[in-house]
Amino acid sequence: MGLISKLGRMWLTRCFKPFIFKNEYDEVLPYMECDNLGLYVHIPFCKSLCNFCPYCKVKYDEALANEYIDYLIKEIHLVALNNEKKQVTSLYFGGGTPALVKSRIKEIIEALKEHFIISEGIGIELHPDDVTIDTLTILKDAGVTKISIGIQSFQDKYQYILGRKKVDPLKLKEALDKIKFETVSMDFIFALPNQTLDDLIKDIETAFMIGANHFAMYPFIDFNFTPSNVKAMKKREKERLLNDITKYCMEKGYTRNTIWTFSNNNDANYSSMTRDNFLGFGASATTLLNHQFKINTFSIIDYIERIKQNLLPTSLTLRFTKRQRMVYYLFWTAYSTKVNKVDFDKFFKTSLQKMYGFELLVARIMGFVKKKGNVYEMTLKGAFYYHYYENFYTLAYIDKMWGILRHEAFPKQIKL
Ligand SMILES: C[S@@+](CC[C@H](N)C(=O)[O-])C[C@H]1O[C@@H](n2cnc3c(N)ncnc32)[C@H](O)[C@@H]1O
Ligand code: SF4
C-alpha cells in the first residue's frame, strides 16, 4: 500500500495498527442492536463477463444459480435466527445481473420479510437487456420500487471500448413508459479515453428523456486484477470533466444526491452505500455493524458448502477500534456530500468536534467543506478530492482485498 494512504490511515485512526481482516467470525451477528440498518443481496451471475468489471460474478448457469438461491435463502434464515422482526431502511439487489434469477426475486424478498420490515423501498440493478415489459412486470410484482440500469454510455464508441453491446434508448423507453418505478436510475462511466463534456451531457439528457429520474456517473477505475486494458484519464483532465459535469447539473437544477449521483426529482434516490449499518447476503456480500465489518467468501461453491453445514459463509472479519469505525463512518457518510454532526454525535455518543475538530477546521480553511448549522457540506473542490481519494483508497484497499479473495475462499488474514 502507498506510503500516503498508510500515513493518512495512521493519522485519522490515531493508531499504527493497520486494518486487520481475520478469518475468525461470529456465527451470531449482533445486528439487532444496530440502528439505521439496510439490507443487500448479491447475485453473482452474468450472461457475459465484462473485462473491466471488478465485481464477484461467474457466467450464468441455470442449475448453479438455482442452487445458489436455495442457499442464499438459507443464509437469510441462519443470520436472522429466531430474532423478532427488525425494522430496516431499504433492500438492494446487486450483482452480477440479479434479473437473471427474476422468477426467484419474490421468494428472496419474502424470506427477508419474515425477519425484517423494509420501510424505504426495494432496489435492483439491471442490465439493459433486462429492461423489457415482461421482466419489469415480474420485478414490480415482487415488490421492487427502484431500478438502476447499467447503461455505461449511449454512445457506441464507448460501448466498444468497454467491450459492451450498443444500447437502444427507444427500446428502453418503450418498457419504461409502460412499467413505472419510483426511482429509475441509469449508471454511466466517465473518464474514458477522450470522453468529452458533450458526450456526458448527451448521455444524461438521453437518460432523462427516456424515463430516468436519477443517474450515477462513476469514474472509470482500472482495477489491477481485471484483464481490461482501458486506461483511466489523467487526474487534471478528470477533475475538469467532473467539475464541468457537476456545474452543468447544478445549472439545470438537478439535485446532487451523492458524490456521483444526481436526480431531476427530489423523491428519486438510489444508494446502497450511504447507510450506517447493513447486512449483506450472498457470495462477496459485505456486512457493516456497529463494531465489525465482515465479508462473505467470493467462491460460490464454498459459499454453498458452508451454508450446507449450517455455518455462515464469512471469509474475513475486521473488528474496529473506535477511531477506525469513526473513519469508516465519516468516509461513507461523506459520500452523500454531507456530514451531520448531530448524527455523528448520536452514533458514537461523543462529539465530532472533539474527535475531528482540527481536521474539519483544516478542511474548511482549504475550501473542501462549508459549515451550515450542524451540517458540513462538501464544496465542488471537496467533492473532487473526495472522489480522488476514494479512487486512491479503492485501489489501495479494495483492489488488494478483492484480488486475493477472487482466488482464496478463506484467506487466513489480510492486513491493509
Ligand atoms: C454490477 S454493475 C451493473 C448492473 C449490470 N450488471 C450491468 O452491467 O448493466 C454496477 C455498475 O458498476 C459500474 N462499474 C463496473 N466496473 C467499473 C469500473 N471498472 N469502473 C467504474 N465503474 C464500474 C458500472 O457503471 C456498472 O453499471
Ligand atoms: S458490468 Fe454488469 S454485466 Fe458486466 S460483468 Fe459486471 S456485473 Fe456483469
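The values are calculated or read from the model by the stated rules, or taken from the named source; none is laboratory data. Small disclaimer: the values here were computed from a predicted structure and weren't measured. Using ideal geometry, Cβ is built from the backbone for each residue, glycine included, and neighbour counts are taken over all protein chains shown.
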Quiz item: Looking only at the range 211-262, which residues are over 19 Å from ASP199 (Cα atoms), of a type in the set (Phe, Trp, Tyr) and crowded, with 16+ Cβ neighbours inside 10 Å?
Solution: PHE223
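Let me confirm something: among ALA65, ALA99, which residue is crowded, with 16+ Cβ neighbours inside 10 Å, in a helix (DSSP H, G or I), in the same structural domain as GLU120 (by TED's automatic domain parsing) and within 13 Å of ligand 2 (Cβ to nearest atom)?
ALA99
Every residue in the range 7-32 that is charged (D, E, K, R) and modelled with pLDDT under 65, please. Step through it out loud before you land on a result.
Going residue by residue through the range 7-32, those that are charged (D, E, K, R) are 9, 14, 17, 22, 24, 26-27.
Scanning the range 7-32 gives ARG9, ARG14.
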Quiz item: Before we move on, is GLU75 surrounded by fewer than 22 Cβ atoms within 10 Å (Cβ to Cβ) and at pLDDT 95 or above?
Solution: no
Practice problem: Please determine, by comparing only the residues of the range 154-193 that are among the small types (Gly, Ala, Ser) and buried (at least 19 other Cβ atoms within 10 Å of the Cβ), which one is nearest to ligand 2 (Cβ to nearest atom). | Solution: SER185
Exercise. Within the range 115-137, count every residue that is away from ligand 2 (no atom under 16 Å from the Cβ) and buried (at least 19 other Cβ atoms within 10 Å of the Cβ).
Key: 4
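Count, please, the residues in the range 148-188 that happen to be of a type in the set (Val, Ile, Thr), more than 22 Å from the chain's Cα centre (by Cα) and closer than 20 Å to LYS47 by Cα.
Initially, the range 148-188 is screened for residues of a type in the set (Val, Ile, Thr), giving 149, 151, 161, 167, 179, 183-184.
Okay, now just the ones that are also more than 22 Å from the chain's Cα centre (by Cα), so 161, 167, 179.
Adding the requirement that they be closer than 20 Å to LYS47 by Cα leaves 161, 167.
Final tally of qualifying residues: 2.
With the requirement that a residue be within 15 Å of ligand 2 (Cβ to nearest atom) and acidic (Asp, Glu), what does the range 48-62 give you? Spell out the reasoning first.
Residues of the range 48-62 that are within 15 Å of ligand 2 (Cβ to nearest atom), as a first pass: 48-61.
The one that is within 15 Å of ligand 2 (Cβ to nearest atom) and acidic (Asp, Glu): ASP61.
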Exercise. Quick one: in the range 33-47, of everything that is modelled with pLDDT of 95 or more and either surrounded by fewer than 13 Cβ atoms within 10 Å (Cβ to Cβ) or within 16 Å of ligand 2 (Cβ to nearest atom) (or both), which residue is nearest to the chain's Cα centre (by Cα)?
Key: TYR40
Quiz prompt | Odd one out for VAL88, checked against (1) in contact with a helix residue (DSSP H, G or I) (Cβ under 8 Å, 6 or more places away or on another chain); (2) away from ligand 1 (no atom under 16 Å from the Cβ); (3) in contact (Cβ under 8 Å) with a residue 40 or more places away in the chain | solution = (1)
Practice problem: Would you kindly identify the strands (runs of 3 or more DSSP E) lying entirely within the range 343-416 that contain at least 3 residues that are surrounded by fewer than 17 Cβ atoms within 10 Å (Cβ to Cβ)? | Solution: 369-372
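Restricted to the range 304-322, and to residues that are part of a strand (DSSP E or B) and not basic (Lys, Arg), which residue is surrounded by the most Cβ atoms within 10 Å (Cβ to Cβ)? Give the derivation first.
Initially, the range 304-322 is screened for residues part of a strand (DSSP E or B), giving 314-319.
In the following step, the residues that additionally are not basic (Lys, Arg) were identified as 314-318.
Values: THR314: 19, SER315: 27, LEU316: 24, THR317: 17, LEU318: 19.
Residue satisfying both the conditions and the ranking: SER315.
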Quiz prompt | Count of residues meeting criterion [within 20 Å of HIS387 (Cα to Cα), within 16 Å of ligand 1 (Cβ to nearest atom) and outside any helix (DSSP H, G or I)] in the range 195-233 | solution = 16
